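What follows is a set of notes on a single structure, which appears directly below.
The values are calculated or read from the model by the stated rules, or taken from the named source; none is laboratory data. All values derive from a computational prediction rather than experimental measurement. Ideal geometry is used to build each Cβ from the backbone, glycine not excepted, and the neighbour counts take in all protein chains shown.
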């Protein structure tokens, strides 16, 4: 497999209007990744990638992330079977964010809590601002205990 | 206008399954925000919000962000006219990411370079990994010089 080269960020024009991949990683060496369902357009999750996770994602066509809670590279679906096949990858204007459009294997879920999308609650706005969060998914798509066993919950307070 | 209260993050169960808004801001006091077009589902941008930007977004129903390059609160559209009206706001499982579904005023664009979406370039994957970025929008939706004049470009190398 050819390893992908990340190019140096020489000028704003190159970064914004060029055709070379020159991603910017933050001080922790990470870049945020928006992952949406390629069919429905629904945003499934916001993940983080280090350079290796981004390379592996592009090279294999399957989403890899860096777990900030577990501090390790993470091939999404290894434990749960819910592999995310990349239909299209995009990068933004200043190349500091990734957007993956994916097809999810199995039940199609991507959230460790068991829902299809991690964004399963709506936040009231305008006149209703300050009210209670409203669930947008009424049932879990899969059983997280069956999928993950006693693996530690990644949510941190 | 009632000011929105952010609740303390007491337990993982409360954060993941509760109905209280308890957002987590990072060490810089920011939370990432995915903004997509409510009609097409296209992801337009990944922005950042501090507590005040999140409060104002929810209270006014118009997207506010915190500019990391200019270090200030930013009501999207003040300069360009491309205001983002919030159709729906969501928060993710561990409440450390926001997703806004918006209707954009005017030409419908959201990218300071002039394109509709900031994600106007596709990154090749799999067999084609390592190849050139491919533009997904062939023309700019608006003229950034006319919209922003000589305001400094927010892209940083």
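If I ask for residues that are farther than 16 Å from residue B:19 by Cα, at pLDDT 80 or above and outside any helix (DSSP H, G or I), which ones from the range A:128-156 would you list?
A:140, A:141, A:142, A:143, A:153, A:154, A:155, A:156 - these are the residues of the range A:128-156 that are farther than 16 Å from residue B:19 by Cα, at pLDDT 80 or above and outside any helix (DSSP H, G or I).
Any residue at all in the range A:10-22 that's in a loop (DSSP other than H, G, I, E, B) and more than 23 Å from residue B:138 (Cα to Cα)?
Yes.
Considering only the range B:112-134, I want to know if a residue exists there that is touching a strand residue (DSSP E or B) at 6+ places or on another chain (Cβ under 9 Å), in contact (Cβ under 8 Å) with a residue 60 or more places away in the chain and more than 7 Å from chain A (Cβ to nearest Cβ).
yes
Given A:146, A:53, which one is more than 9 Å from chain B (Cβ to nearest Cβ), over 19 Å from residue B:43 (Cα atoms) and surrounded by fewer than 21 Cβ atoms within 10 Å (Cβ to Cβ)?
Matching residue, one of A:146, A:53: A:146.
In this structure, does residue B:44 turn out to be closer than 21 Å to residue B:82 by Cβ, crowded, with 17+ Cβ neighbours inside 10 Å and at pLDDT 95 or above?
yes
Please pick out the residue among A:28, A:89, A:63, A:38 that is touching a strand residue (DSSP E or B) at 6+ places or on another chain (Cβ under 9 Å), under 21 Å from residue B:26 (Cα atoms) and within 11 Å of chain B (Cβ to nearest Cβ).
Of the residues listed, the single one that is touching a strand residue (DSSP E or B) at 6+ places or on another chain (Cβ under 9 Å), under 21 Å from residue B:26 (Cα atoms) and within 11 Å of chain B (Cβ to nearest Cβ) is A:28.
Do we find a residue being at pLDDT below 95, under 14 Å from the mean Cα position of the chain (by Cα) and within 12 Å of another protein chain (Cβ to nearest Cβ) anywhere in the range B:68-85?
yes
I need the full set of residues from the range B:95-111 which are more than 28 Å from residue A:134 (Cβ to Cβ) and either facing chain A (nearest Cβ under 8 Å) or surrounded by 22 or more Cβ atoms within 10 Å (Cβ to Cβ) (or both), in order please.
Passing the criteria: B:109, B:111.
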